[in-house]
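Have a look at the structure below before the remarks.
The values are calculated or read from the model by the stated rules, or taken from the named source; none is laboratory data. Since the structure is predicted, the reported quantities are computational estimates derived from the model, not experimental observations. With ideal geometry, Cβ positions are generated from the backbone for all residues, glycine too; neighbour counts draw on all protein chains shown. Keep in mind that these areas ignore ligands, DNA and RNA; they rest on the heavy atoms of the full protein, side chains included. Shrake-Rupley method; radii C 1.70, N 1.55, O 1.52, S 1.80 Å.
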Amino acid sequence: MFCEIFSTFQEFSTISRNCFLGIYKKRVSLNMGETEQRPTAGSRLGAQENAGISTLEHGQKPPMTPPGKLVSIKIQMLDDTQETFDIPQRAPGKVLHDAVCNHLNLVEGDYFGLEFPDHKKMMVWLDLLKPVTKQIRRPKHVVVKFVVKFFPPDHAQLQEELTRYLFALQVKQDLAQGRLTCNDTSTALLISHIVQSEIGDFDETIDREHLAKNKYIPQQEALEDKIMEFHRSHTGQTPAESDFQLLEIARRLEMYGIRLHPAKDREGTKINLAVANTGILVFQGHTKINAFNWAKVRKLSFKRKRFLIKLRPDVNSSFQDTLEFLMASRDFCKSFWKICVEHHAFFRLFEEPKPKPKPVLFSRGSSFRFSGRTQKQVLDYVKEGGHKKVQFERKHSKIQSIRSLNAQPSEQHTEVPKQSSSFAYGDDNDTAAVQSCRQGKEMKASPKDTGQHKSHSLKKSPKEGKKVDGAVVSTVEEEEEAAKDRMQQNRPQSQQPSTGSLTGSPHLSELSINSQGGPSVANMSLSPNLSPDAKQPSPLISPLLNDPSCIRTDDEEEVKRKRFPTEKAYFIAKEAATTERTYLKDLEVITSWFQSAVSQEDCMPETLKNLIFSNFEPLHKFHAVFLKEIEQRLALWEGRSNAHIKGDYQRIGDVMLKNIQSMKQLAIHLWKHNEILMELENGIKNSRKLETFCRDFELQKVCYLPLNTFLLRPLHRLMHYKQIMERLCKHYPPNHIDFRDSRAALAEVSEMVAQLHGNMIKMENFQKLHELKKDLIGIDNLVIPGREFIRLGSLSKLSGKGLQQRMFFLFNDILLYTSRGLTASNQFKVHGHLPLYGMTIEESEEEWGVPHCLTLRGQHQSIVVAASSRSEMDKWTEDIQMAIDLAEKSSGPAPELLASSPPDNKSPDETTVDQESEDDLSASRTSLERQSPHRGNTTVHVCWHRNTSVSMIDFSIAVENQLSGNLLRKFKNSNGWQKLWVVFTNFCMFFYKSHQDNHPLASLPLLGYSLTIPSESENIHKDYVFKLHFKSHVYYFRAESEYTFERWMEVIRSATSSASRTRALSHKEPHAY
């Protein structure tokens, strides 16, 4: 018995001694990706066991909310209102945080935190895993602040308008408190956007009164004139756009999102430490003097008052292996260490870290870990679009922000910019916040009756639409969600679900992506986008759902269909009319909108003005008459006159022949288009002012495609005439009254196409290179003689961290690979290039153990890439091999000419944020290139988000497959069909309320979508219906006839299934590079 007791005592002594030593020397490290053994090839390509770089010990989920006595916690919101939340006494911090987010209907609540003064009056963050009452000792006397905790490098990653509004309030608060310091020009510019969002467009009297009553910074009086000067330039800007502009400027400031922590270095010099998304920063005063990127940091730890940073070895660095900083106290030091751990985990890890198992007796080191979703998890959820749209009101804004649900599109030119609107759902008397927080009687969110004000300023907010390449466009996905909400509104109140906890939003670039230089596709992003978020982006929910006049009953449609002719020739003629309407609108973008804008700005040389408009105005005038003649013939054909009885007007060939012959006299203007395109690009290259002007114009609503695409429209239209006449001649028998005229018209237009075809191919390549140039950074000489674009798309590249998504660009002489940079303009940063001369390509699935894997071996470098599917791998293999053969045969441009920028010595896997001086920011405030909406919705971004690729052949085929006309649209969960005017171009469907609208109200990028016919189980029971679906998004479209149904299927299939080279080269008119 004694022996057993003695043995037990020895074991206990050993455990106690080891644990005591662990407590005495407390040192908790951040493992920044070190591995003890070399990973296998498969794991490096993405098959690793851990999804991310493990920073912390493996963790557990927060405990369930325990029952018990309720305690009241006062929360101060960012709009300065206060709310009181009653939570169980033993509830962890996560319960309170979720209650606040649910109360606000805040989807992206992971960027925010709760801070409070501890017993030493030091502001600390609320730990989400520990009980609230153990952290806040006297809850009745403490006000907890709800503030932004994590500032992302690119605010375009914030998909919700409400989230950006809260970030804007944080910037406003930091300005007032002196935390966000900048020069007077930047300060005035920031305040001008705040004023615009609060009172709307500039009015000198109202501005002075408002600035007198509201002090945004100390000594504001000295800047009032400059603030009003800037405010004058924001006319027409909505509150949501003002928030976006505010964050765009603020994010470039050195002190944006920075909280300084006083410390001393080893020499005793007073400094300040701070942590950001990129790493740990060192300041002297308010000037940054050093930065330690997360990639350079191997371990973070603290020992009493000493904060230690252990760096990775670097022969090029003069820093010691371990840096030491002395802070005011152990509590200060530990608090800063915790913040660093959380920032590293949020911005660098793929998923929430899991904690280690609890020790039997004693713990060694700190058990603190990050709790919550990482930024990647938030963005991944955003891509899935698994949330509802909500609407909110701005406390400080005097602008009418909630539009009537029956708003008409004619409101687009109202004097005061309108904010986005959507459909609320649920019972206002039993809000989602209360539903989410209440567990029996355990918890409820209820404001105090004594002195506390209900926060009406933070209510449900609509997901804003996206400005797609200049057009204010809401995504079809958003309308689908709004339709679901409206259906729930129409149900009995008892059946309406609560919003619950909203934890994500659609991605801009994925959902509403409008492309410049390719698939005009938003904010999806998309993208939130893509969305623009396309995803790029005035926030607007399309009135298509709000106006009952756009919904036609099935009976009405059937009656209308029976009145019209049914022969195929009629629908071919009708296609000529509908596409001519779109073409005329495209010409008006140049002859009306662009010319009007140019006349107001002194930025374009007179010679260039004359060159453009003297060649486009005759075309516009001619085609206006041409369209009128086609529409008159259709009116007679449809029986709106007795003339159709004689059969004299049931044809279109004579009208086409007459006008095509007249069009040959305008060929001199068509030959000038090559010169126009080159001179405009040269002017943009040589004039910063003209470049800014054109960039700004592309952001206007009417410019729904890249500007230089409109310059090519006349040449594209000739090909459409040729296709229309070919279909008409194929349909008519030789003895038909219209056959001779149709065949003559086909011969005339074919001759013109043959003369201009070679020129058009060169112009399309030239235009595509210039569009790609806008999407890339780190390359100066992309557009050089002899270079031809072949394919772009997303592939996964082998790196030390595993499978890394990269964007590849294949040309006839070189292969570029890039990553999506977190820059203001959402451009792709070039990481490297491989000359094609001497390159070999081979499949290497067996070697690396990853499907669809290729090894590209260049003369000086080899890389391993993996495609998303076998078909994608085959396309890349075919095109790369073809490009290699071309490079071997030709003496094309030397790869050395590619990049004249300084070499990049940084790790290609590390994302950097370009910095600009404040003077540059204020001087170029009108340039919208730096807005993520501008470059966030291009074809490149669509391919990035949907993990696909497109080739130049695809673009050329897309030019031929353009279509316009009326379609009936139905969402998966909606009841009625909506009649819309639809324009299909550049891989994207643009939706208008009618053909007379100047700009689209919604868009749907089709890259990655599947095109099918509805099955019996879907209960459509209508003729001429096709189905588009991508992940959980399903849409049905209904055509008016068999011919139009087949035509829509034909053109949409060209976008949803990328062309293979074999199919393309067997096309009736091969497209050479």
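Only one of (1) in contact with a helix residue (DSSP H, G or I) (Cβ under 9 Å, 6 or more places away or on another chain); (2) in a strand (DSSP E or B); (3) open to solvent by 40 Å² or more (accessible area, probe 1.4 Å) fails for residue 83. Which number is that?
If we test residue 83 against (1) in contact with a helix residue (DSSP H, G or I) (Cβ under 9 Å, 6 or more places away or on another chain); (2) in a strand (DSSP E or B); (3) open to solvent by 40 Å² or more (accessible area, probe 1.4 Å), just (3) comes out false.
Can you name every residue in the range 75-90 that is more than 15 Å from residue 143 (Cβ to Cβ) and touching a Leu at 6+ places or on another chain (Cβ under 9 Å)?
Looking only at the range 75-90, we keep the residues that are more than 15 Å from residue 143 (Cβ to Cβ), and these are 86-90.
Hits for the range 75-90 are 86, 87, 88, 89.
Quick check on this structure: which one of 763, 807 is more than 19 Å from the chain's Cα centre (by Cα), modelled with pLDDT of 90 or more and either within 29 Å of residue 674 (Cα to Cα) or open to solvent by less than 40 Å² (accessible area, probe 1.4 Å) (or both)? Reasoning before the result, please.
On the way: 807 fails: more than 19 Å from the chain's Cα centre (by Cα).
Exactly one residue qualifies, and that residue is 763.
Looking at 232, 251 in this structure, which one is within 16 Å of residue 181 (Cβ to Cβ) and open to solvent by 10 Å² or more (accessible area, probe 1.4 Å)? Outline the logic, then answer.
Numbers: 232 fails: within 16 Å of residue 181 (Cβ to Cβ).
One residue alone meets the criteria, 251.
Each row is one residue, and each column tells you yes or no for (1) closer than 20 Å to residue 597 by Cβ; (2) surrounded by fewer than 17 Cβ atoms within 10 Å (Cβ to Cβ); (3) in contact with a strand residue (DSSP E or B) (Cβ under 7 Å, 6 or more places away or on another chain).
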site: 654; (1), (2), (3): no, no, no
site: 700; (1), (2), (3): yes, no, no
site: 729; (1), (2), (3): no, no, no
site: 736; (1), (2), (3): no, yes, no
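Of the conditions (1) over 21 Å from residue 79 (Cα atoms); (2) touching a Phe, Trp or Tyr at 6+ places or on another chain (Cβ under 9 Å); (3) part of a loop (DSSP other than H, G, I, E, B), residue 253 clears all except one; give me its number.
So residue 253 meets the others, but not (2).
Any residue in the range 983-1004 that is assigned to a helix (DSSP H, G or I) and at pLDDT below 90?
Going residue by residue through the range 983-1004, those that are assigned to a helix (DSSP H, G or I) are none.
Checking the range 983-1004: not a single residue is assigned to a helix (DSSP H, G or I) and at pLDDT below 90.
From the list 1055, 1059, which residue is part of a helix (DSSP H, G or I), open to solvent by less than 20 Å² (accessible area, probe 1.4 Å) and at pLDDT below 90? Spell out the reasoning first.
Details: 1059 fails: part of a helix (DSSP H, G or I).
Going through 1055, 1059 in turn, the sole match is 1055.
Collect the residues in the range 839-870 that are charged (D, E, K, R) and farther than 19 Å from residue 884 by Cβ, keeping them in residue-number order. Explain how you work it out, then say what you get.
Just the residues of the range 839-870 that are charged (D, E, K, R), to begin with: 842-843, 845-847, 857, 870.
Once the filter is applied, which keeps residues that are charged (D, E, K, R) and farther than 19 Å from residue 884 by Cβ, the range 839-870 yields 845, 846, 847, 870.
Of the residues 530, 544, which is hydrophobic (A, V, I, L, M, F, W, C), surrounded by 21 or more Cβ atoms within 10 Å (Cβ to Cβ), closer than 16 Å to residue 966 by Cβ and at pLDDT below 50? Walk me through how you get there before you give the answer.
Working: 530 fails: closer than 16 Å to residue 966 by Cβ.
Unique residue meeting the criteria: 544.
For the condition among the polar types (S, T, N, Q), more than 20 Å from residue 939 (Cβ to Cβ) and surrounded by fewer than 23 Cβ atoms within 10 Å (Cβ to Cβ), what is the one hit in 996, 962?
On the way: 962 fails: more than 20 Å from residue 939 (Cβ to Cβ).
Going through 996, 962 in turn, just one is among the polar types (S, T, N, Q), more than 20 Å from residue 939 (Cβ to Cβ) and surrounded by fewer than 23 Cβ atoms within 10 Å (Cβ to Cβ): 996.
Taking the range 602-631 as the search range and keeping residues that are open to solvent by 50 Å² or more (accessible area, probe 1.4 Å) and over 26 Å from residue 1000 (Cα atoms), which one is nearest to the chain's Cα centre (by Cα)? Working first, answer last.
Going through the range 602-631, the residues open to solvent by 50 Å² or more (accessible area, probe 1.4 Å) turn out to be 602, 605-607, 610, 614, 617, 621, 625, 628, 631.
Still in the running and over 26 Å from residue 1000 (Cα atoms): 602, 605-607, 610, 614.
Values: 602: 33, 605: 35, 606: 37, 607: 38, 610: 37, 614: 38 Å.
Among those residues, the one meeting the criterion is 602.
Would you be able to tell me the number of residues in the range 135-155 that are open to solvent by 40 Å² or more (accessible area, probe 1.4 Å) and either modelled with pLDDT of 90 or more or of a type in the set (Ser, Thr, Tyr) (or both)? Outline the logic, then answer.
From the range 135-155, those open to solvent by 40 Å² or more (accessible area, probe 1.4 Å) are 137-138, 140-141, 143, 145; that's our starting set.
Checking the rest, the ones that are also either modelled with pLDDT of 90 or more or of a type in the set (Ser, Thr, Tyr) (or both) come to 143, 145.
Within the range 135-155, residues that are open to solvent by 40 Å² or more (accessible area, probe 1.4 Å) and either modelled with pLDDT of 90 or more or of a type in the set (Ser, Thr, Tyr) (or both) number 2.
Inspect all residues belonging to the range 995-1012 and state whether any of them is closer than 30 Å to residue 593 by Cα, out of contact with any helix residue (DSSP H, G or I) (no Cβ under 8 Å at 6 or more places or on another chain) and hydrophobic (A, V, I, L, M, F, W, C).
Applying the first criterion (closer than 30 Å to residue 593 by Cα) to the range 995-1012 yields 995-1007.
Still in the running and out of contact with any helix residue (DSSP H, G or I) (no Cβ under 8 Å at 6 or more places or on another chain): 996, 999-1000.
So of that shortlist, the ones also hydrophobic (A, V, I, L, M, F, W, C) come out as none.
No, the conditions are met nowhere in the range 995-1012.
State all residues of the range 693-711 that are basic (Lys, Arg) and over 18 Å from residue 1003 (Cα atoms); if no residue qualifies, say none.
695
Which of the residues belonging to the range 323-350 are in contact with a helix residue (DSSP H, G or I) (Cβ under 9 Å, 6 or more places away or on another chain) and assigned to a loop (DSSP other than H, G, I, E, B)?
Filtering the range 323-350 for residues in contact with a helix residue (DSSP H, G or I) (Cβ under 9 Å, 6 or more places away or on another chain) gives 325-327, 343-344, 346-350.
349, 350 - these are the residues of the range 323-350 that are in contact with a helix residue (DSSP H, G or I) (Cβ under 9 Å, 6 or more places away or on another chain) and assigned to a loop (DSSP other than H, G, I, E, B).
So if I check each of 158, 169, 190, which one is touching a Cys at 6+ places or on another chain (Cβ under 8 Å) and crowded, with 19+ Cβ neighbours inside 10 Å?
Details: 158 fails: touching a Cys at 6+ places or on another chain (Cβ under 8 Å); 169 fails: touching a Cys at 6+ places or on another chain (Cβ under 8 Å).
Exactly one of 158, 169, 190 is touching a Cys at 6+ places or on another chain (Cβ under 8 Å) and crowded, with 19+ Cβ neighbours inside 10 Å, namely 190.
Restricting attention to the range 786-807, report how many residues are part of a loop (DSSP other than H, G, I, E, B) and in contact with a strand residue (DSSP E or B) (Cβ under 9 Å, 6 or more places away or on another chain). Step through it out loud before you land on a result.
Kept after step one, since they are part of a loop (DSSP other than H, G, I, E, B), are these residues of the range 786-807: 786-788, 800-801.
Then keep just the ones that are in contact with a strand residue (DSSP E or B) (Cβ under 9 Å, 6 or more places away or on another chain); that gives 787-788.
Summing the residues that are part of a loop (DSSP other than H, G, I, E, B) and in contact with a strand residue (DSSP E or B) (Cβ under 9 Å, 6 or more places away or on another chain) in the range 786-807 gives 2.
Tell me which helices (runs of 4 or more DSSP H) are completely within the range 125-243 and hold 3 or more residues being of a type in the set (S, T, N, Q), or say none if there are none.
On the way: elements: 132-135, 161-176, 184-199, 204-213, 224-232.
It comes to 161-176, 184-199.
Look through the range 81-126, keep the residues that are small (Gly, Ala, Ser) and under 26 Å from the mean Cα position of the chain (by Cα), and return whichever of them is nearest to residue 381 (Cα to Cα). Give the steps one after another, and end with the answer.
Looking only at the range 81-126, we keep the residues that are small (Gly, Ala, Ser), and these are 91, 93, 99, 109, 113.
Among the residues that remain, those that are also under 26 Å from the mean Cα position of the chain (by Cα) are: 109, 113.
Numbers: 109: 13, 113: 20 Å.
It comes out as 109.
Before we move on, is residue 717 touching a helix residue (DSSP H, G or I) at 6+ places or on another chain (Cβ under 7 Å), at pLDDT 90 or above and among the basic types (Lys, Arg)?
Details: touching a helix residue (DSSP H, G or I) at 6+ places or on another chain (Cβ under 7 Å): yes; at pLDDT 90 or above: yes; among the basic types (Lys, Arg): yes.
In short, yes.
Test each condition in (1) open to solvent by 50 Å² or more (accessible area, probe 1.4 Å); (2) touching a Lys or Arg at 6+ places or on another chain (Cβ under 9 Å); (3) at pLDDT 65 or above for residue 373 and report the one that comes out false.
(2)
Suppose the filter is at pLDDT 90 or above, under 26 Å from residue 699 (Cβ atoms) and either surrounded by fewer than 21 Cβ atoms within 10 Å (Cβ to Cβ) or of a type in the set (Phe, Trp, Tyr) (or both); does residue 598 pass it? Give the derivation first.
Numbers: at pLDDT 90 or above: yes; under 26 Å from residue 699 (Cβ atoms): yes; either surrounded by fewer than 21 Cβ atoms within 10 Å (Cβ to Cβ) or of a type in the set (Phe, Trp, Tyr) (or both): yes.
When the stated conditions are applied, residue 598 passes them.
Could you grab me the full set of residues in the range 965-991 that are closer than 30 Å to residue 769 by Cα and open to solvent by 10 Å² or more (accessible area, probe 1.4 Å)?
Going through the range 965-991, the residues closer than 30 Å to residue 769 by Cα turn out to be 982-991.
Correct list: 986 only.
Determine, yes or no, whether residue 693 is aromatic (Phe, Trp, Tyr) and either open to solvent by 10 Å² or more (accessible area, probe 1.4 Å) or outside any helix (DSSP H, G or I) (or both).
Details: aromatic (Phe, Trp, Tyr): yes; either open to solvent by 10 Å² or more (accessible area, probe 1.4 Å) or outside any helix (DSSP H, G or I) (or both): yes.
It is true that residue 693 is aromatic (Phe, Trp, Tyr) and either open to solvent by 10 Å² or more (accessible area, probe 1.4 Å) or outside any helix (DSSP H, G or I) (or both).
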